[in-house]
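Here the structure is laid out as C-alpha cells; the discussion comes afterwards.
The values are calculated or read from the model by the stated rules, or taken from the named source; none is laboratory data. None of these values were measured; they are calculated from a predicted model. Note that we place each Cβ from the backbone using ideal geometry, even for glycine, and neighbour counts take in every protein chain shown. To get the accessible areas, we keep the full protein, side chains included, count just its heavy atoms, and leave off ligands, DNA and RNA. Shrake-Rupley method; radii C 1.70, N 1.55, O 1.52, S 1.80 Å.
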Amino acid sequence: MYVQGFVIPVPEGKKDAYREVAEKFWPIAKDHGALSQVECWEADVKDGTTTDFRMAVKAEGGEKIVFSWMTWPDKATADASHDKLMADPRMAEHFGDGSDMPFDGKRMIFGGFEPIFEQQA
C-alpha cells in the first residue's frame, strides 16, 4: 500500500464546497487506481509553540484545517495516475482551470508515504 497525505487550509464557510470537490474527485481517482479517499474537517486542532498544522499551511483567521489521505496499491500506481488524472476530461468538467477551488492550493502540503505499521480493531 502507498498513502498520499494532504493538509489544506479551507475557509470555514466553504466546508460544503470543499466536500463537493472531494466527492467529485473520488470517482476520477478511483478509476485511475486509488483504493480509498478520506477527507477530515478540523474538529480539535491545537495551536503549537514550535509548529502545528496551522503554521504548516500558513492558515489565516477563519480557515479550518483539512487533513486527508488517499491510498493506492503501490507508489508506481499513484505515480502513474498523476498525468492520467490531470488529463481526464472530468477534471476540466468539474474543476475548470482550478481557479474556483474553495481553497488556496499553494498552501497545501502533501507527500507520499509507505506504511510501516498498521492495525485495525
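Applied to the stretch 8-21, the Karplus parametrisation 6.51 cos²θ - 1.76 cosθ + 1.60 on θ = phi - 60° returns per-residue 3J(HN,Hα) values of 9, x, 10, x, 3, x, 10, 4, 5, 5, 5, 4, 4, 4 Hz, with x for Gly and Pro. Using the Cβ-Cβ distance between D52 and R19 with R0 set to 30 Å, the FRET efficiency from 1/(1 + (r/R0)^6) comes to roughly 0.80. Counted residue by residue at 0.36 nm each, then reduced by the alpha carbon distance between them, the extension gain from E12 to F113 reaches 33.5 nm.
Taking 14 Å as the cut-off, the amide N atoms of the stretch 1-25 that come nearer than this to a point 7 Å along the Cα-to-beta-carbon line of A76 belong to 1-2.
Protein heavy-atom accessible surface, 1.4 Å probe, per residue over the chain: 66 Å².
Note on D97 and S36: the model spin-label points, each 7 Å out from Cα along the C-beta direction, lie 3.8 nm apart.
Going by Cα centres, the stretch 48-121 and the stretch 1-39 are how many Å apart? Here the two parts' Cα centres lie 7 Å apart.
Restriction of the GluC sites (Glu not before Pro) in the stretch 1-89 to DSSP coil positions whose beta-carbon has at most 14 other beta-carbons within 10 angstrom yields E60. A simple rule links phi to the HN-Hα coupling: the Karplus curve 6.51 cos²θ - 1.76 cosθ + 1.60 with θ = phi - 60°, which for the stretch 41-51 gives 9, 3, 10, 7, 10, 7, 7, x, 9, 9, 7 Hz, with x for Gly and Pro.
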